Amino acid sequence: MTDKCVPKMSGSNDIKVKSLRDFKAPAFRDDELVLYVHPYNFHSQKILLLLYEKNIEFTPYVVDLLNGEQYSQWFLNLNPKADVPVLQDGSFVVPDSGHIVNYVENKFRGGDYKSLKPKAGNKMEDEKILLFDQIFSSLPVGALSLGSFIHDDLKLVPKPPFIGPIRKTCLKNNEKVHALLKESIDKADDHKAALLRKLDLQERRKRLVYSRLEYQKILDAVQNVLQFIEDDMNANSHREWLISNDFCMADVCFGLLLLRLYQLGFENYYWSYGKMARIESYFLRFKKRSSYDKLMPSNFEILKDIWQMTPSNYIIGAGAGVLGMAVFAAFAHK
């Protein structure tokens, strides 16, 4: 699934509309392991963190989600669902983060490759990781992110990259990408059914997040998940991570969920100031992992993204205005 708001990674300060025909398929060596991603897409981050945890060498290709590259013909041939991430191992293509996790865990195991699965033969751990997988996959992270830009009554304190004028730009970008999807459907021959399902999903999600009542149901669902995990941690205080003392795939998913909530500014809403002390401590441990450092962009990259996503009228008066605040925040929260 593709997050609906992803800061642009390259280009000028003004957001330029590209034609879907402008995108050409990249070329890679046959022996390269290529990951098609966007670094701010939640499901892409899951696979990036997996590969970093296992110390697997790979070549990342950043798909230009802002300008609709996911709807270009070359990418639809790779993944008709038009979602990132996608893993390509030679001629073998694996779409969907869940399938990618299974492929990577089965191919890269033993020796120097640590496993992110529970130890073999532990039925309780197997059942628990299956439970957490079902819980995390049911949470609509894209809708959670988009709605946080709409409902100002939540009084959130967002962090880079989701700050300042970028939040408004993200909302406008959703409309543009929506139009590009419709354009792709009109021109599609082989992939129309999958794209129509994606359009229906996006339209239902849009209706959901703009309703304050419906959006609150998402927030409450997240609250219930966090409280369940907090209670489980209290009952198993000897454990360092979700399943055991070994960091596993469930921790990748949960750590990234906490990271997204933190970046959107929900930490005070959910766990800070002693509301959920176990989760707060867990998140601090998660951020100390070396894979987390590799995942997070540098201050320079954050500032570059902020600058590129900021409309021209903001940039003109940036010295003492909104962009200046964003620049300060990028360094303050790194």
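Key figures
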item	result
Considering residues of the stretch 257-276 that are farther than 19 Å from residue 151 by Cβ and open to solvent by 10 Å² or more (accessible area, probe 1.4 Å) only, the residue nearest to the chain's Cα centre (by Cα)	272
So residue 166, is it in contact with a helix residue (DSSP H, G or I) (Cβ under 6 Å, 6 or more places away or on another chain), surrounded by 16 or more Cβ atoms within 10 Å (Cβ to Cβ) and within 19 Å of residue 78 (Cα to Cα)	no
Exclusive hit being part of a helix (DSSP H, G or I), open to solvent by 50 Å² or more (accessible area, probe 1.4 Å) and either closer than 30 Å to residue 106 by Cβ or hydrophobic (A, V, I, L, M, F, W, C) (or both), set 208, 219	208
Meets criteria (modelled with pLDDT under 95 and more than 26 Å from residue 139 (Cα to Cα)) for residue 30	yes
Close pairs (9 angstrom Cβ cut-off, 6 or more residues apart or separate chains): at positive phi in the stretch 139-163, open to solvent by 10 Å² or more (accessible area, probe 1.4 Å) and in a helix (DSSP H, G or I) anywhere	155/268; 155/269
Enumerated helices (runs of 4 or more DSSP H) restricted to the stretch 246-317, each holding at least 3 residues that are at pLDDT 95 or above	249-264, 267-270, 277-286, 290-295
Options 115, 138; residue that is open to solvent by 70 Å² or more (accessible area, probe 1.4 Å) and of a type in the set (Ser, Thr, Tyr)	138
Contacts under 8 angstrom Cβ, first residue in the stretch 169-193 being among the β-branched types (Val, Ile, Thr), partner open to solvent by 10 Å² or more (accessible area, probe 1.4 Å), 6 or more apart	169/15; 169/311; 177/4; 185/192; 185/196; 185/199
Qualifying residue in the stretch 81-95 (condition: under 21 Å from residue 200 (Cα atoms) and among the small types (Gly, Ala, Ser))	yes
Where residue 242 falls short, out of the listed (1) more than 30 Å from residue 294 (Cα to Cα); (2) in contact with a helix residue (DSSP H, G or I) (Cβ under 7 Å, 6 or more places away or on another chain); (3) assigned to a loop (DSSP other than H, G, I, E, B)	(1)
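The values are calculated or read from the model by the stated rules, or taken from the named source; none is laboratory data. Keep in mind it's a predicted model, so treat the numbers as computed, not measured. So basically every Cβ, Gly included, is an ideal-geometry build from the backbone, and we count neighbours across all protein chains shown. Side chains included, ligands, DNA and RNA excluded: accessible areas come from the protein's heavy atoms. Shrake-Rupley method; radii C 1.70, N 1.55, O 1.52, S 1.80 Å.
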